[in-house]
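Where a number appears in this text, it was derived from the coordinates with a stated rule and is not lab data. Because the structure is predicted, anything quoted here is derived from the model rather than measured. Every residue, glycine as well, gets a Cβ built from its backbone with ideal geometry; the counts of neighbours run over all protein chains shown.
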Amino acid sequence: MSPSTSSWPPPDAGTAGDGSPPHGTSPGDSSPNGAAPPTGADPPPADQGQPRRAWWRAPRLPGPLRRSTTDRVAGGVAGGLASRLGIDAKALRVLFVVLAVGGGTGLAVYVVAWLAIPRQGAPESILRRVLSDRHTVALAAAFASVIIAALLVLTALGLTFTANLVWPVSIAAGGLVLVWRGADDDERAFLDELMGQAPLIASRDRRTRRSTVARVALGAVLVAVGLSGLVTAGRPTYTVIETVIAANVVIVGFLVAFGPWWLRLARDLATERRERVRTEERAHMAAAVHDSVLQTLALIQRAAGDQREVTRLARAQERELRAWLFEGRSPGSFHESEVTTVAEAVAVIERDVEADHKVPVDAVIVGDCPLTDDLRALMAAGREATVNAAAWSGAPSVSLFVEVEAQSVSLYVRDRGRGFDPGAVRGERRGISQSIRARMERHGGSAVIRSTPGQGTEVALVMPRSAPAPP
Amino acid sequence: MTGVGAARPPGASVRVFLVDDHHLVLSGVRAELGPEVEVVGDADEVGAAIELIAERLPDVVLVDVHMPDGGGQAVIEAVGASHPEVRFLALSVSDAAEDVIAIIRAGARGYVTKTISGPELTQAVLRVADGDAVFSPRLAGFVLDAFAADPGMGGGATPSFDPELDQLTAREREVLRLIARGYAYKEVARELSISIKTVETHVSAVLRKLQLSSRHQLTRWATERRLL
């Protein structure tokens, strides 16, 4: 144990460790990925006699070409190119859109760049990652072939301009499938959010109604346009009928050739989604088991000589397991009936950890608010962090600080115990990754863990408040 | 534990007086205090304490919040009127915000809980002797709560008579947050890349606001806290 005057953290604690940025204590925190311009490349102030930069210029930054994570609309391609080429990202975006509308090339180029350029901070490009997954490649090919088929049919129907769209659009479509399937978790979260804003695709339960309305409206407009086209075309001539028949033949041909394949891919997709749901459930389960059973077993091992304590622990664990298995109350969470506000949850953590681990918890709470599902997850993760500190740090006491603000609730657990090297935590140590980090991320929060061997650990958790309570 | 005493002439130990109605606490604190501190006397009730302090004129009085006959607050008010140079550090097991805020407003330069370790208590005493303020994590939390930027809880805008005194600056808030998270002054300084002296300045400024602010919320907040 280090005395109170120990210097923790060391000056580089924020950047060492797990590579997480120091949480927002210092104002003017620069971007975690170093995307902020170094002072040398700062844009010159306009009013100091230096020539003004042309409207389309932007500061040019050194470093490899990476897709931006800070300045992005979709893939961050324009943002990334902008800082490499010294051209304003907005100008690049306009260029892409113009090229996309006129002929589709812009779209294809953009998607290919998205695939080929690694994201800022990512080790490899999406393309490289995804090419090893045959299933995904097949899916992209299938999707591209559907687009090709559709466009060829349209061309056969006499829409000549679609012929030029075939390649760029099908490349873009196939590429987007690869992006979607190959994106890592961070980027996927961003894409999910992006999709959520598009009313046609969003199928999240909260938006179903609106998206249905939008879809029906769009369908109705298309049908109306088609019908009016037929009506204004006057009596169908022989050639028109011939074209329609030909188009239908093409469609049937595609269906015969590719139909079964498309069908199988669609089925595989459904299977895969079920699989993913199951994996997530398993992760939930693992977190819950870790919180209760594994922690208790560890306590029992430590108290092996003390028969009464062992019995007490086993009893408590048995009760908790029963509640979980038969009443569906997962361990480590805070239940509506018992605990309704953040302050009450903090009191529960304080009481339970002190009772189970005989380590005093200095809890300080600022403000209070009712618990929501997200905040319950925050408190569960906070309890886990406190238990970890009490059980493993060897520190004589643990500090727990919770602040309720209008936008978010933050929770800090700090000990001056033995600490550890966050970079060296092995995969099987599920506590931190499952119970704390994954739990926070599932609910839209964040977890930053700073620790220095020999000097202590601090876990910082922040959960945004979804709906600020009315005053 | 070396940097703190630098402002005092070397060799001069800080003279401390203890006031607590529990004899166990008196002897415990006496045993825990480091050699930099000399205990010049103690008292177990308010009247005796006021007399003895006036007689021995210690640098710092460690005073219990809860005692019969008015508690620490009565001692501070009586001594403070006649001997303003004597400084007070409140020591308590009490967690009630109302009591803590009241004793600070009576003139104590800090508040620590009795669970504090010996070296930490010694350091706190030295700090108070130097005229600085001592905030425990809990007191920092109370202050953050009482000076909350969003006056939503009480409802309605309470007129602020003196914005200088009635609000904390962003930096003061940051310092208090770190203290509430369990950081020692030295660690706060390192985290914010400022000197320990600057941290002490911020904390003293907060103490001044806490003592002088006429903010209505402060008292009301403390009372509400008790009702919860």
Set of lysines with alpha-carbon distance to A:K358 below 25 Å, sequence-local pairs under 8 removed: B:K114
Residue mean of other protein chain beta carbons inside 10 Å, A:443-455: 0
Neighbour-count order for A:T155, A:T340, A:T279, fewest beta carbons within 10 angstrom listed first: A:T279, A:T340, A:T155
Average partner coverage of A:301-313, which counts Cβ from other chains inside 10 Å: 0
Interchain or long-range residues, amide H under 5 Å from B:V61's placed H: B:F17, B:R87, B:F88, B:L89
Neighbouring partner chain Cβ atoms per residue of A:360-366, average, 10 Å criterion: 6
Those lysines that a straight Cα-Cα span of less than 22 Å connects to B:K197, excepting residues fewer than 8 apart in one chain: B:K186, B:K209
Proximal aspartates and glutamates to A:K90, defined as alpha-carbon separation beneath 20 angstrom and excluding residues fewer than eight positions away on the same chain: A:D42, A:D71
Interchain or long-range residues, amide H under 5 Å from A:V366's placed H: A:V402, A:E403, A:V404
Amide hydrogen neighbours beyond the local backbone of B:V134, cut-off 5 Å, H modeled: B:G110, B:Y111
Order of A:M379, A:M195 under a 10 Å beta carbon neighbour criterion, fewest first: A:M195, A:M379
Relative exposure of A:T105, B:T198, judged by other C-beta atoms within 10 Å (fewest first): B:T198, A:T105
